[in-house]
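Participant: What follows is a single structure, and I will ask about it in a moment.
None of the figures in this text is laboratory data; all of them are computed from the coordinates on show. What you see is a predicted model, and the numbers here were worked out from it, not measured in a lab. Positions of Cβ are backbone-derived with ideal geometry, glycine not excepted, and every protein chain shown enters the neighbour counts.
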Amino acid sequence: MLLSLLYFIFAILGLGFLIFIHELGHYWMARRVGMRVESFGIGFGRPIFSFEHNGVKWNICWLPFGGYVKIAGMEKEKGGKELHEIPEGFFGKSPWARIQVSIMGPLANLVFALFLFTLIWLTGGRDKNFSDVTKKIGWLDPKSELYKNGIRPGDEILSYDSEQVRSSKDHFQAAMTGGESLYVAGRHFDPATQKFVPFALTIKPYPHPMALEQGIMTTGVLVPASYLLYLPHQNSAQNGLPKSSPLLGSGILPGDQVVAVDGERVYSLPELTSILNDGRTLVTVRRGKETLLRRIPRVLVDELKLEPAQREELADWLWESNLKAAKFQKIYFVPYNLDADCIVEGRISFLDQEKQELAFPKTLFSEKEEPLQTGDRIIAIDGLPVHSASQLLSGVQTKKVLLIVQNLKIAKAPGSWKSADSDFDTSISLTDLDAIEKSIGTKEEIHEKGMLRLLQPVVPKTRQELYHLQDKGVQFAQELEDEKKHIQAIDNPEKRAQALKFLEKQEKQLLLGLPGVQDLTVTYNPNPLLMFEEIAAEVVGTLTALVGGYLNPKWLSGPIGIVQVIHQHWMLGIKEALFWIAIISLNLGLLNLLPLPVLDGGYIALSCFELITGTRLKSKTIEKIVVPFAILLIAFLVFLTYHDLMRLVSNLLGS
């Protein structure tokens, strides 16, 4: 708590210092061109100490952040003189002198930002998670245009509207500021050839399916790819697993990376969670001379449209499999008509058409979801051999998953962000992975090949079950109740219903009980000029989206939001804090150059007008131009502060 408070103070001081050097730039140039500086304040509020030096009154104020500079002739003085008549005043100097003074504040911020970027670069850059710098997709919305066009986790997005993707945040940035349509270019991994092939699509950003607030857009890319590394705490139990973990006895070790689940490569936790909860089971199939892996639907019998003969046959298998005590409607089966030797004779229809479309979607996630064909013989379920339909029926009752892992021995130094994606691809032997997967459920099953290992079958548990096994049932119930109260406060009935449905889904969600999953870190150290250019382009893109109406201004951060960002990154390390101070300094510099009265860019525009026309603006004219914009600026800051506070309160309630 004390450390967090200290970082909060550092955050305020950091923001204040950026304002201070901005005003210092104005002060230095004003003195240089002969303007009379009346006072300079270090901090804000009432002065606690003042002194005079070289005709300037210096005030040390009680709020020790920021600063201000008061130049003669920027405000009307007694006597009714025009602003340009005030001796050594701002408007009394030439337009060129005023331009120099006005531009020096933003320039000080821009130079300081470049200095910090250079400092970070010279000291070796920052350590960032692979997921922060990768172009690879970790998970995407199955309802998105990208998904429907065959783009999958592991594929790479290289650019949006010809703007190169340099980090994972560009997916969000492109969706929020890119307009009504986006030209997306990337690389798709073709499993058949084991090679990447280029693709190009034009898509429309759409409301984020998981966002509770309106205005949050997505391209369909929900999360970037990441390493799923199991790095438990040192003082944990067996292999760092809690006593309730389904992974106990599976053979997982600290330092293991989860590579594949049920024959599917996994690139993120959301993808892993989706595979665990998509209602499918892994079967090994003999088709002619081929042995295939397929993930087929696992459904309750009462969801299927069974003929009387099929019901009788199922009842017989139920008796043979020693499941006779189970209620017929509550047993699981697969939607295929099988003979006693597990040979497929056809499909079984669903009572509900929607559930049938979910079980047999038109757009498949991968070839492993391809429906079984007549004549296929199921020889194993979840890696366990079956010789009869009754054995299959028994095996399908319990949901199991098969994980393939490799141990990365995370003692090595982080690699470079430049080669992070290629390193990710080459870190796993696809030949070894294919050999293990093809052996699952056969007599020659391979449990270890190269760096890869096939773990023992794992029975996932629901979130609710895990909490109860950890003696946290009461806590879990209270958390659910609190979350429901929070959701009931949502005004939009559609969003409220969506949130409640998501909460119910979370409660019943199957998990592996795998704590301490982390990403691999890489060294991120781009050229400081390139970094400066990238951030400047983001600022311009954001402003363009605001003017074009594609971005709601409420998503911008005001003073409170800026302090929060710096505070959060102080807690991550000094380099992260310096990086964000540099970004804010660059933003401050560029925004102040906008040609709006009150801002430095506005004074530059007025000076340019006078320089071109040779006409001096009268004091009343300047006042009529500046005052309304000053009111609008204050109102905008109040607007941003309100939304900063709302987000802060929402986060506190959510936690």
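Participant: Using helices alone, what [θ] at 222 nm do you get for the chain, with -39,500 (n - 2.57) per DSSP H run of 4 or more residues, divided over all residues and rounded to the nearest 500?
Facilitator: That comes out to -13000 deg cm²/dmol.
Participant: Can you pull the one-decimal nm distance between simple spin-label points at LYS143 and LYS618, each 7 Å off the Cα toward Cβ?
Facilitator: 6.1 nm
Participant: Would you calculate the separation in nanometres between label points at ASP434 and ASN527, each defined as 7 Å from the Cα along the Cα-to-beta-carbon direction?
Facilitator: So the two model labels end up 4.0 nm from each other.
Participant: Which length gain, in nm to one decimal place, applies between GLN456 and PHE196 when the Cα-Cα distance is subtracted from 0.36 nm times their residue separation?
Facilitator: Gain on extension, GLN456 to PHE196, equals 90.4 nm.
Participant: Within 12 Å, Cβ to Cβ, of LEU228, how many net charges do the neighbouring residues add up to if Lys/Arg are +1 and Asp/Glu are -1?
Facilitator: Working: positive: ARG265; negative: ASP256, GLU271, ASP519.
Neighbourhood net charge equals -2.
Participant: Hey, another quick one. Which ordering of LYS620, LYS204, LYS128 is given by a fewest-first count of other beta-carbon atoms within 10 Å?
Facilitator: LYS620, LYS204, LYS128
Participant: Next question, about the same structure. How far is helix 559-570 tilted, in degrees, relative to the longest principal axis of the Cα atoms in the chain, given as a value from 0 to 90 rounded to the nearest 10?
Facilitator: In the chain, helix 559-570 runs at an angle near 60 degrees to the longest axis.
Participant: Let me ask another. Counting other C-beta atoms within 10 Å, which of SER416, SER131 has the fewest, and how do the rest follow?
Facilitator: Details: SER416 13, SER131 21.
Going from least to most buried by this count: SER416, SER131.
Participant: If packing is taken as the average count of other Cβ atoms within 10 Å, what order do 275-284, 602-611 fall into, highest mean first?
Facilitator: 275-284, 602-611
Participant: Net charge around LYS57, counting only other residues with Cβ within less than 11 Å of its Cβ (Lys, Arg = +1; Asp, Glu = -1)?
Facilitator: -1
Participant: I've got another one for you. Considering only the other residues whose Cβ falls under 15 Å of the Cβ of LEU114, what net charge follows from Lys and Arg at +1 and Asp and Glu at -1?
Facilitator: -2
Participant: If you don't mind, there's one more thing I want to ask. Using alpha carbon coordinates only, what is the Rg to Rh ratio of the chain, with Rh defined as the Kirkwood radius?
Facilitator: Details: Rg = 31.7 Å, Rh = 29.3 Å.
So for the chain, dividing Rg by the Kirkwood Rh gives 1.08.
Participant: GLU85 to GLU312: extension gain in nm, 0.36 nm per residue of separation minus the Cα-Cα distance?
Facilitator: Stretched out fully, the GLU85 to GLU312 stretch lengthens by 71.3 nm.
Participant: So how tilted is helix 619-654 from the main axis of the chain? Cα-based, degrees 0 to 90, rounded to 10.
Facilitator: Computed tilt is about 30 degrees.
Participant: Give me the distance in nm between label points sitting 7 Å out from Cα along the Cα-to-Cβ direction at ILE343 and LYS508, one decimal.
Facilitator: Output for this residue pair reads 3.7 nm.
Participant: How high is the FRET efficiency between ASN322 and SER388 when r is their beta carbon distance and R₀ equals 22 Å, given to the nearest 0.05?
Facilitator: Values: r = 13 Å, r/R0 = 0.59.
Computed FRET efficiency for ASN322 and SER388: 0.95.
Participant: Additional query: Can you order the peptides 368-377, 260-269 by their average number of other Cβ atoms within 10 Å per residue, highest first?
Facilitator: 260-269, 368-377
Participant: Another question about this same structure. Taking every Cα atom in region 130-225, find the radius of gyration and the maximum pairwise distance Dmax, and write them in Å.
Facilitator: Just the Cα atoms of region 130-225 yield Rg and Dmax of 12.5, 42 Å.
Participant: Right, something else. Could you check how many percent of all C-alpha pairs in region 584-628 are farther apart than 12 Å?
Facilitator: Result: 64 percent of Cα pairs exceed 12 Å.
Participant: Evaluate E = 1/(1 + (r/R0)^6) for SER39 and LEU253, where r is the Cβ-Cβ distance and R0 equals 60 Å; express this FRET efficiency to the nearest 0.05.
Facilitator: The calculated FRET efficiency here is 0.35.
Participant: Sticking with this structure for a sec: Can you tell me the FRET efficiency between GLN164 and SER427 if r is taken as the Cβ-Cβ distance and R0 is 25 Å, rounded to the nearest 0.05?
Facilitator: FRET efficiency, GLN164 to SER427: 0.55.
Participant: Starting with the highest mean, order 523-530, 12-19 by the number of other Cβ atoms within 10 Å, averaged over the residues of each peptide.
Facilitator: Ranked from most to least packed, the peptides come out as 12-19, 523-530.
Participant: Please determine, in degrees from 0 to 90 and to the nearest 10, the orientation of helix 493-507 with respect to the longest principal axis defined by the Cα atoms of the chain, where the helix direction is its Cα long axis.
Facilitator: Here the helix axis deviates by roughly 50 degrees.
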